[in-house]
1. Helix-only mean residue ellipticity at 222 nm, the chain, DSSP H runs n ≥ 4 weighted -39,500 (n - 2.57), per residue, nearest 500. What is it?
2. Would you work out the charge dipole size for the stretch 66-165 about its Cα centre, treating the Cβ of every Lys and Arg as +1 and the Cβ of every Asp and Glu as -1, and quote it to the nearest 20 debye?
3. Treating the angle as unsigned and between 0 and 90°, give the value, to the nearest 10°, between the Cα long axis of helix 4-55 and the longest Cα principal axis of the chain.
4. Once label points are set 7 Å from the Cα along Cα→Cβ at both T141 and S22, what is their separation, rounded to one decimal in nm?
5. With unit charges on the beta carbons (Lys and Arg positive, Asp and Glu negative) and the dipole taken about the Cα centre of the stretch 35-161, which residue among V119, G149, S42 sits farthest to the positive side?
6. In the neighborhood of K91, defined by Cβ-to-Cβ distances under 14 Å, what is the net charge if each Lys or Arg adds +1 and each Asp or Glu adds -1?
7. Please give the contour-minus-distance gain from E131 to M152: 0.36 nm per residue of separation, less the Cα-Cα distance, rounded to one decimal in nm.
8. What's log10 of I(q)/I(0) for the stretch 35-161 at q = 0.10 Å⁻¹, Debye sum over Cα points only, no solvent?
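Readers should treat all values here as calculations from the given coordinates under stated rules, not as data from a laboratory. This structure is a prediction, so every number in the text was calculated from the model and none was measured. Please note: Cβ atoms are built from the backbone with ideal geometry, for glycine as well, and neighbour counts cover all protein chains shown.
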Amino acid sequence: MLSKPELGIFAAVLIMLGSVVSSIAWEKFKTAVESSIKEDFSEIKKAIQGYRLTENKWPVNFDIYYDFHFGLINDEANATLFKELMSKGYKFKSYEKGLGGLDKESNFLDPWGMQYQIVLDLDNNQICDLEDSTYGSAEKTEVAIWSWGPDMLPNSVDDVLSWKD
Ligand SMILES: [Ca+2]
Ligand SMILES: [Ca+2]
């Protein structure tokens, strides 16, 4: 039998082990979600680049010559972009909680159900101006995509950014 102090130590060790195991599980989960997001980023970029090559224009139906931001609440939904891509045969997965994908309105949602934020370099200077965010700009890229992350709020540390590893 364990004495009282020994029991105390035993319990403390169990609690420590439990928190190690759950933090490992959390890290694993986080890595899986992040790699699913990175796959979405590359899927979306691939479609936009393919469209530009074959159609010789950006996948937008408006005459705007400044970098454009899709996905802001109360503004142009990113569905505008995906509907245009799908009209030329590009296909995207359907939304599943925890995985991301297109909802019924063709918005591409992140694993937490928020629209991906997408900026296109419509003025073609290889810099995406990220208006309405604290990120300023994404250099050397024609497409910048980001997720607001698990807190589902913009501009916080858990955001996942396509232009940063
Ligand atoms: Ca630009
Ligand atoms: Ca966030």
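1. So the helix-based figure for the chain works out to -13500 deg cm²/dmol.
2. So the dipole magnitude of the stretch 66-165 works out to roughly 580 debye.
3. Once rounded, the angle reads 10 degrees.
4. Going from the T141 label point to the S22 one covers 3.4 nm.
5. After comparing all options, I get S42.
6. Neighbourhood net charge equals +1.
7. So the chain would gain 5.7 nm between E131 and M152.
8. -0.27
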